[in-house]
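To keep things clear, I will list the structure first and then write my remarks on it.
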Amino acid sequence: MLQALGLGPAEEAIYTALLARPTASAQGLARQTGLEEAETTRILLDLVTRGLVAVATEIGSEAPDPAGRYRLTPPSVALAPLLVEQRNALQRAETAFSMLTEQYRSTAAHPAGSVVEVVVGVEQVAHRFHQLQRGAQRELLVFLVGEPIAVPREEADMSESSALDRGVDFRVVAAKNYLDGPDVASDVRASIAAGLELRVADSLPLKMIVSDRERAMVPLDKADSGGEPSAIVVHRSGLLTALVHLFEREWSHARPLYSTATGVRAEPTAEPHPTQGELEVLALLLAGISDRRAASQLGLSIRTVERRMRRLMDLAGADSRLQLGWYAARAGWL
């Protein structure tokens, strides 16, 4: 936890051990953390120098504790400068990232690289895939088709969980043939439970991942790269906009997928009805709860709540939430 503020594992162990007691000696902390006493003493002195720890004083006196005990400096005072330093470092890194990205796009030596770059080989394709998933801050759009080639399903699931934990709006359209793979049903149920929105289509034109509508990756046919897995990474351009439109079109026609006690099932293709998730959003909003509070209670992003409300209003042909509430009552949705 404190490594993000510049403390190493051993320093964090000693710091957190001191949290549980008013004062402690180097010998006691060494026993508690399992570190050597000499190393514990060295770390304590370093923490004292950095203002995170202070030498305890004898009760009723300003003299140092004769037992050589230490106490924490209030974290709100001691850790604040470290937090500011890390924030400043992050801002500098983001500025450098933006400058390098813009410089790369505008370099005459890479006229096509500003829009499309070709990635060849299993390791490079997998590396790019993880970059797109782990770098997403707002939204991920994915087409799943057939068996994974460059990125094993287990690795993709780990990146997916990380994105969902960060609150990324994660939407996936899967082709029916993808769901035929081994152990896919259990993975799908876990993903839906974690907040991923999944729909199924009879077929899809390609595999694809779009990150924050700023970058996308599309696999190439093996024949185009001498038999090695390869892909193109598309940056902001008319081509990327077309890929996003393609996703939204397939998403609107695909059927929502639900987890059940025995596996997963798709919504029938007959007359469209609100999904269970959409009805949960509707019930909260009609009760007077704000979009933000509804998102918090349901563990969703604001974008997901707004998108579900838009679909409900489209289904009802409503122009306002008041009209939607009237239609929902008439249609027996609630």
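What to note about this one:
- Test for residue 241: is it at pLDDT below 90 and either of a type outside the set (Gly, Ala, Ser) or within 26 Å of residue 187 (Cα to Cα) (or both): no
- If only residues of the range 107-125 that are among the hydrophobic types (A, V, I, L, M, F, W, C) and either closer than 18 Å to residue 212 by Cα or in contact with a helix residue (DSSP H, G or I) (Cβ under 7 Å, 6 or more places away or on another chain) (or both) are counted, the one that is modelled with the lowest pLDDT is 115.
- All told, residue 260 falls short of being at negative phi, of a type outside the set (A, V, I, L, M) and modelled with pLDDT of 90 or more.
- Summed over the range 214-229, residues that are of a type in the set (D, E, K, R) and modelled with pLDDT of 70 or more total 4.
- Scanning the range 45-82 for residues that are part of a helix (DSSP H, G or I) and modelled with pLDDT of 75 or more, we see that the one that is farthest from residue 30 (Cα to Cα) is 75.
- Residues in the range 88-106 include none that are touching a Pro at 6+ places or on another chain (Cβ under 7 Å), among the charged types (D, E, K, R) and at pLDDT below 85.
- Residues that are under 25 Å from residue 81 (Cα atoms) and touching a residue at least 12 places away in the same chain (Cβ under 8 Å) within the range 8-38 comprise 10, 11, 13, 14, 15, 16, 17, 18, 19, 22, 23, 24, listed in sequence order.
- Residue within the range 282-296 that is assigned to a helix (DSSP H, G or I) and β-branched (Val, Ile, Thr) present: no
- Odd one out for residue 265, checked against (1) at pLDDT 75 or above; (2) part of a strand (DSSP E or B): (1)
- Residue match in the range 187-201 (condition: at pLDDT 80 or above and over 20 Å from the mean Cα position of the chain (by Cα)): yes
- Pairs are defined by a Cβ separation below 8 Å, a sequence spacing of at least 6 or placement on different chains, a first member in the range 231-253 that is more than 15 Å from residue 212 (Cα to Cα), and a second member that is of a type in the set (Asp, Glu) and outside any helix (DSSP H, G or I); the pairs so defined are 232/117.
- The conditions of being of a type in the set (Gly, Ala, Ser), surrounded by 15 or more Cβ atoms within 10 Å (Cβ to Cβ), in a loop (DSSP other than H, G, I, E, B) and modelled with pLDDT of 75 or more are not met by residue 146.
The values are calculated or read from the model by the stated rules, or taken from the named source; none is laboratory data. From a predicted model like this one, the values you see are computed outputs, not experimental measurements. Every residue, glycine as well, gets a Cβ built from its backbone with ideal geometry; the counts of neighbours run over all protein chains shown.
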